[in-house]
Amino acid sequence: IGLASCIGDGPTEPEVSCDSATPLTLGTFVTGTLAAGDERDVDGAYLDRYRIDVATAGTIRISMVSDDVDSFLWLRSSDGEVLDTNDDDGEGLDALMMGPLEIGCYLIEATSADDGDTGTYALIAEAL
């Protein structure tokens with residue numbers, strides 16, 4: 001989770017907001033593709049950014065599965081602060097995170113653990 005505190009000449013955190021992210025309804029699967037031309041994270045991996053709006057505080061599970069890439073998830077607050085990351089807590093190389101979230105907007109970044117990887121994935125965020 002330490003990328004939020006990069007210093008010196010290293011990579012910097014992107015400017016992100018809930019307004020610029022693709023809405024993701026809790027409980028709904030989406031499919032996406034990491035591809036050349038997508039935005040890149042601080043490590044150079046392609047990423048797609050989604051927003052979830054949590055209307056009731058509680059436990060949220062976020063899962064990213066792919067046969068093409070080593071799934072990696074970032075969870076950020078509405079102002080871009082890194083709250084959690086996950087690489088392989090799902091099956092195989094799939095990413096899975098679960099934990100309590102308060103009411104508000106959160107950003108999910110679906111990406112790959114390996115920079116430059118391309119391919120399709122499925123993503124779901126659900127209240128438990």
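So which residues in the range 92-128 are under 20 Å from V54 (Cα atoms) and assigned to a loop (DSSP other than H, G, I, E, B), if there are any at all?
Hits for the range 92-128 are E102, I103, L128.
Residue by residue through the range 22-43, note down the ones that are farther than 16 Å from F72 by Cβ and in a strand (DSSP E or B).
Listed by number, the residues that qualify are T22, P23, V30, T31.
Which of the residues spanning the range 76-107 are of a type in the set (S, T, Y) and either modelled with pLDDT under 95 or open to solvent by 90 Å² or more (accessible area, probe 1.4 Å) (or both)? Please lay out each step first, then the result.
Step one: filter the range 76-107 for residues of a type in the set (S, T, Y), giving 77-78, 85, 106.
S77, S78, T85, listed by residue number.
Mind counting the residues in the range 62-105 that are among the charged types (D, E, K, R) and in contact with a helix residue (DSSP H, G or I) (Cβ under 7 Å, 6 or more places away or on another chain)?
1
The values are calculated or read from the model by the stated rules, or taken from the named source; none is laboratory data. Fair warning: this is a prediction, and the values are worked out from it, not measured in the lab. Ideal geometry is used to build each Cβ from the backbone, glycine not excepted, and the neighbour counts take in all protein chains shown. Each accessible area value is taken on the protein alone, full model and side chains, heavy atoms only, with ligands, DNA and RNA left out. Shrake-Rupley method; radii C 1.70, N 1.55, O 1.52, S 1.80 Å.
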